[in-house]
Every structure is written in structure tokens, then in C-alpha cells.
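Single-structure report; data block below.
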Amino acid sequence: MTYQVALAFEDGITRFIKVGPRETVADASYKARINIPLDCRDGACGTCKAFCESGKFDGGDYIEEALTDDEAEKGFCLPCQMVPESDLVLQIPTTSDVAKTTATTYSSTLTEIRRLSETTYAFSLEIENRDELSFLPGQYVNIEVPGSNGQTRSYSFSSGPEVSTLSFLIRITDGGLMSTYMRDVAAVGDAINFTGPMGSFFLRDPKRTSLLLAGGTGLAPLLAILEKLSGMDTPHPTHLIYGVNTDTDLVELDVLEDYKSRIDGFTFDTVVGDPNSDAEKKGYVTNHFEPHHLVDGDVDIYLCGPPPMVEGVRRHLEAEGIKPQNFYFEKFALAVAPAAEAAPVEAAPAAAAPAAEAAEVPAAQPAYEIGEEHSTFEAQFDARMALELAVVELTMGKLTDGQLGEFKVLAELAGKTLAGETFVDAAAFTVTNDAFHQFLFNAVGNEHLLQAYNRLEVPSIMAKVLRQEHWIDGAVDADHLAIVAAFEQQDIAAARASIVAHNEHAKATMAAAERGQA
């Protein structure tokens with residue numbers, strides 16, 4: 001029997017291969033011209049070692065030095081020896097570039113545009129070679145905006161992998177590139193190209209209770225997950241909590257009701273942040289967790305929403321002493337632009353948080369990551385610095401006046417959350433600081449660098465550690481402004497020096513915060 005194997009690379013690219021009877025994953029990969037890491041081919045060196053996220057396989061023959069019993073028990077495997085016994089998802093420890101492969105670009109036709117509310121549209125695409133497109137429920141693609149000279153925006157599939165028509169949700173924002181196209185220009189029959197699939201946020205084998213948490217159009221990948229579950233026989237309950245800012249932001253409730261009838265054990269709640277809402281449940285999604293949703297930690301959580309929502313859920317779980325078996329999340333990384341025409345990225349929703357904390361901004365794009373903090377903060381901050389030093393080389397002297405203005409606004413917004421060596425709002429600083437640091441990675445237009453930045457755990461670690469009462473190195477705010485000034489003056493040496501100094505000031509702040517919690 002032939003099985004499908006998803007090869008998920010470190011840069012977010014996923015490639016799918018077919019593996020025949022008694023064929024190893026490595027042989028099938030090379031047959032498909034995908035050069036995953038490989039050396040001995042005999043299970044003796046461990047060079048090809050990967051992690052199996054999902055599925056069953058015969059591990060083959062290998063020696064202890066290549067793969068220990070403990071590693072095998074945890075799910076690690078050797079593609080040079082393993083033979084699939086079901087469809088598989090493998091995490092490959094290298095980038096797609098190193099494996100000499102890339103994401104596939106598809107030509108599609110726009111077949112439907114639906115206005116779901118004042119703030120949300122749904123649109124559908126069809127491709128002739130649908131059988132050639134495979135993706136995991138929860139993944140996304142980069143869609144080229146027609147008439148934009150090749151600019152792309154990232155959207156998660158809201159349809160399942162087996163559905164012939166591809167569907168997506170979009171938050172409509174004034175000045176947004178894709179928003180303007182969909183609202184004012186798009187017509188059924190338009191040709192649209194997209195590239196993918198990408199992302200590490202996707203459904204794993206259901207082995208226990210699942211809790212799905214959606215913020216705004218973060219509902220899209222969870223709809224894809226529900227569609228997949230509707231075709232599976234699983235005895236484990238699934239609950240969705242869908243949070244939005246206002247009543248008008250609630251969409252696709254009829255679809256969710258339909259899934260209640262199609263998925264055994266599926267239930268859902270809606271939560272509206274607006275205190276003046278008529279909704280039964282208001283506030284944060286965490287206000288409406290029930291013991292049977294979390295099962296004392298024996299739960300897999302899938303969360304898609306803005307950073308305040310992700311960190312809010314994380315803090316709530318920590319405060320309650322609950323450590324879920326798995327916590328998979330996908331963030332909307334927020335960025336702010338001074339004018340719509342300067343916005344390099346699309347608008348994303350800020351949901352399930354009070355408006356003052358998660359206000360809509362003129363420009364934002366979803367960034368996709370899967371999260372569990374393992375590294376020390378020093379390693380994470382040093383990794384961020386290394387990436388920033390690299391991106392300086394690619395962006396110095398190339399930013400437009402509008403982009404420079406946006407960069408400065410981001411620095412000033414982060415500064416407003418500080419007062420000398422104290423926090424005005426520690427949570428807001430984490431969000432605005434992340435937007436500042438992510439700016440250059442959005443501006444450079446290099447998907448691999450952006451994905452590398454988004455996989456860092458810096459924002460999550462900061463949100464976990466920093467509190468109102470903590471000290472912050474007073475140079476942090478000045479560092480941000482100095483980095484912007486260096487770009488304005490096109491002084492690469494000054495930019496590099498400021499980034500290095502900023503890294504030391506940031507680590508000093510984190511070290512003091514950790515000492516304060518000890």
C-alpha cells in the first residue's frame with residue numbers, strides 16, 4: 001500500500017511524498033528529488049534522524065549510536081530505515097533550501113467571494129491540478145495579490161485537505177492590500193497564484209481531549225481541523241472557544257453548528273470581548289475554561305490568535321498550575337504603519353482581549369509558529385541579534401521614506417510602554433517590542449528569514465517573565481531609536497553597534513526579572 005508522508009522543514013515549508021510498499025522514507029524522498037539529510041543509509045550514523053509527529057511505521061534496523069531506545073520511544077526515527085504503516089508527518093531537521101526543494105506555486109481561479117460581516121470576507125479558489133496539492137489541516141499559503149507586482153499575503157486554509165475547493169477567511173481593513181483587492185476589485189474568474197503549503201501549526205493524531213481556541217479570523221485553520229475531524233473516528237471530545245472583539249465579528253456560526261452534528265463529541269462556545277455585547281459569554285476566552293476542557297492537563301490545545309491572546313492563555317494555564325500535554329499555537333504578529341500606503345503587510349484581527357490591549361492596527365500579518373519554550377533566554381536573544389545583524393546587511397539603504405517612518409513609529413510605540421527604568425505596561429511592551437523587531441524581517445521580503453525570526457521564543461519568554469514591578473534597563477528605549485536613526489543616516493556600522501548594545505541591555509533586563517522571581 002502507498003502512503004503519504006509530509007516532510008515539514010525548519011523554514012516552514014512542507015513537501016509531500018508518496019512512499020510505496022516496503023520502501024523507506026529516504027528512498028522515496030530522493031526519488032522525489034528532495035535531499036533530506038542522509039549519510040550511511042544503514043541505520044549506523046544518525047545523520048537522517050527526524051521526529052515523527054503523526055502516524056505509524058516500522059522503524060527498521062539500526063544501532064544504538066544512531067538512535068537510542070529513549071529517542072525512539074519519544075518519536076524520533078531514521079528515514080533511511082523506516083517504512084510507513086500509515087500516512088506520516090515528519091519534522092526534518094534542516095531547511096528546504098538545504099534539501100534542494102521549495103514550496104510549490106499553483107495557479108488558481110477565484111470562484112466565490114462572500115461578505116460574512118462588516119469586518120470579514122470569505123473567498124474560494126479552485127485549481128485544475130487539485131490532486132497535486134496536499135496540505136495538513138491548519139497550514140497556510142502565501143497568496144499573490146493581483147495587480148501588486150508580486151506582493152503576497154499569508155492565509156490559512158479554512159477548508160479541509162480533502163475538499164476540492166480551497167477556502168479562506170480575510171479580515172477587511174482599510175488600506176490593506178488584499179483587503180482593498182477583495183472588497184473593491186476582485187471578481188469571480190480572476191486568476192490568483194499562491195505558494196505553499198507552509199507552517200508548523202496543524203492537527204496531530206487525536207489521542208486525548210482537544211481544546212481549540214480561535215481569535216477572530218484565527219478561526220480559519222481551526223475550521224480546516226474540524227473538517228478533517230469530521231471524517232475521522234475518534235472517541236476523544238473536542239471543544240472550541242471562539243473569541244472576537246464585537247458581536248459583528250462573529251462569523252461562520254452555521255458552519256460550526258453543522259460540525260456539531262458531524263463530529264461526535266464536538267461542542268463550541270463564542271466569547272465577545274465588548275462588555276456591551278448581548279452575548280451570553282463575554283470577556284476573555286480564559287474566563288470560560290471549564291475543568292472538563294482542560295482535564296487536569298491531559299489535553300492538546302490548538303490556539304490561533306494575536307500575541308496578547310496567546311500569552312494570556314499561557315499565563316492563565318501557569319497560574320492554574322496546568323501543563324497541557326501539547327500546546328500548539330499560531331500567532332498573528334502585529335505591526336503598525338503610519339499610513340495605509342506604507343503598510344507592507346495585511347491586517348489581522350485582535351480578538352478575545354479588551355480593545356485597549358488588542359486594538360486593531362493598520363497593518364499586520366499572521367506569522368506561524370508552534371511553541372514550547374526550551375532554550376534559555378540568553379540563547380534566544382543572541383539568536384535574535386544574529387538574525388538582525390544579517391538582515392541589516394540586506395535592508396540598509398533600501399527602506400523607503402514610508403518604511404522609515406513606520407519603523408520610527410514602532411520604536412515610539414514601544415517607548416510609550418516604558419518610563420525610564422520602569423514599565424508603564426509590561427504586557428504591551430512585549431507586543432510592541434516584538435512588532436519593532438519584526439519590522440525589518442517583514443521589510444526584507446525574505447520568507448526564510450521571516451520564518452526564522454518567527455520561530456524564536458523571545459516574545460513568549462518575555463511575556464512569561466516580565467511583570468509591571470520589574471526593572472528595565474533604561475537604555476532599551478534609546479536603543480530602539482538609535483537603530484532607527486542609523487537606518488535614517490544609512491550608517492550600517494552604527495546600526496550594528498546599536499543592535500549589539502541593545503541585546504546586552506535586553507538580556508540584563510531579563511536577568512534582573514528572573515532574579516526577582518527566584
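The values are calculated or read from the model by the stated rules, or taken from the named source; none is laboratory data. Being a predicted model, the structure only gives us computed values, none of them experimental. For neighbour counting, all protein chains shown are included, and Cβ atoms are generated from backbone atoms with ideal geometry for every residue, glycine included. Side chains included, ligands, DNA and RNA excluded: accessible areas come from the protein's heavy atoms. Shrake-Rupley method; radii C 1.70, N 1.55, O 1.52, S 1.80 Å.
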Determine the pairs where a residue that is over 17 Å from ALA220 (Cβ atoms) and open to solvent by less than 30 Å² (accessible area, probe 1.4 Å), located within region 245-271, has a partner that is aliphatic (A, V, I, L, M) and part of a helix (DSSP H, G or I) with Cβ atoms under 7 Å apart, the partner being 6 or more residues away or on another chain. ILE263/LEU226; ILE263/LEU229; VAL271/VAL285
Residue list for region 166-181, restricted to those being under 14 Å from ILE113 (Cβ atoms) and within 23 Å of the chain's Cα centre (by Cα): LEU166, SER167, PHE168, LEU169, ILE170, ILE172, MET178, SER179
Picked from region 69-90 (must be farther than 15 Å from VAL5 by Cβ and loosely packed, with under 13 Cβ neighbours inside 10 Å), the residue farthest from the chain's Cα centre (by Cα) is ASP69
Out of the residues in region 121-175 that are part of a strand (DSSP E or B) and in contact with a Gly (Cβ under 8 Å, 6 or more places away or on another chain), which is farthest from GLY305 (Cα to Cα)? GLU144
Does THR417 fit the bill of being among the β-branched types (Val, Ile, Thr) and under 23 Å from the mean Cα position of the chain (by Cα)? no
Boolean, ALA478 is without any contact (Cβ under 8 Å) to a residue 40 or more places away in the chain, closer than 22 Å to LEU394 by Cβ, surrounded by fewer than 21 Cβ atoms within 10 Å (Cβ to Cβ) and not acidic (Asp, Glu): no
Strands (runs of 3 or more DSSP E) contained entirely in region 1-115, each with at least 3 residues that are touching a Pro at 6+ places or on another chain (Cβ under 9 Å): 3-9, 14-19
Number of positions in region 272-299 that are buried (at least 19 other Cβ atoms within 10 Å of the Cβ), at pLDDT below 95 and among the hydrophobic types (A, V, I, L, M, F, W, C): 2
Show the residue pairs meeting these rules: Cβ distance below 9 Å; 6+ apart or different chains; first residue within region 175-192 and without any contact (Cβ under 8 Å) to a residue 24 or more places away in the chain and of a type outside the set (Phe, Trp, Tyr); second residue open to solvent by less than 50 Å² (accessible area, probe 1.4 Å) and in a helix (DSSP H, G or I). THR180/ALA340
Number of positions in region 196-213 that are more than 16 Å from the chain's Cα centre (by Cα) and either crowded, with 17+ Cβ neighbours inside 10 Å or farther than 23 Å from ASP11 by Cα (or both): 6
Which count do you get for residues in region 168-189 that are among the aliphatic types (A, V, I, L, M) and either closer than 14 Å to GLY216 by Cβ or open to solvent by 50 Å² or more (accessible area, probe 1.4 Å) (or both)? 6
Determine if region 196-216 includes at least one residue that is touching a Lys or Arg at 6+ places or on another chain (Cβ under 9 Å), free of Cβ contacts under 8 Å to residues at least 40 places away in the same chain and small (Gly, Ala, Ser). no
Scanning region 190-221 for residues that are assigned to a strand (DSSP E or B) and of a type in the set (Val, Ile, Thr), which turns out farthest from LEU450 (Cα to Cα)? THR209
In the set THR120, THR104, THR165, which member is out of contact with any Phe, Trp or Tyr (no Cβ under 9 Å at 6 or more places or on another chain), surrounded by 22 or more Cβ atoms within 10 Å (Cβ to Cβ) and at negative phi? THR120
Being small (Gly, Ala, Ser), part of a strand (DSSP E or B) and in contact with a Phe, Trp or Tyr (Cβ under 6 Å, 6 or more places away or on another chain): is that true of ALA224 here? no
Those helices (runs of 4 or more DSSP H) lying entirely in region 391-499 with at least 2 residues within 29 Å of SER96 (Cβ to Cβ) and out of contact with any Pro (no Cβ under 8 Å at 6 or more places or on another chain): 426-444, 447-454, 458-465
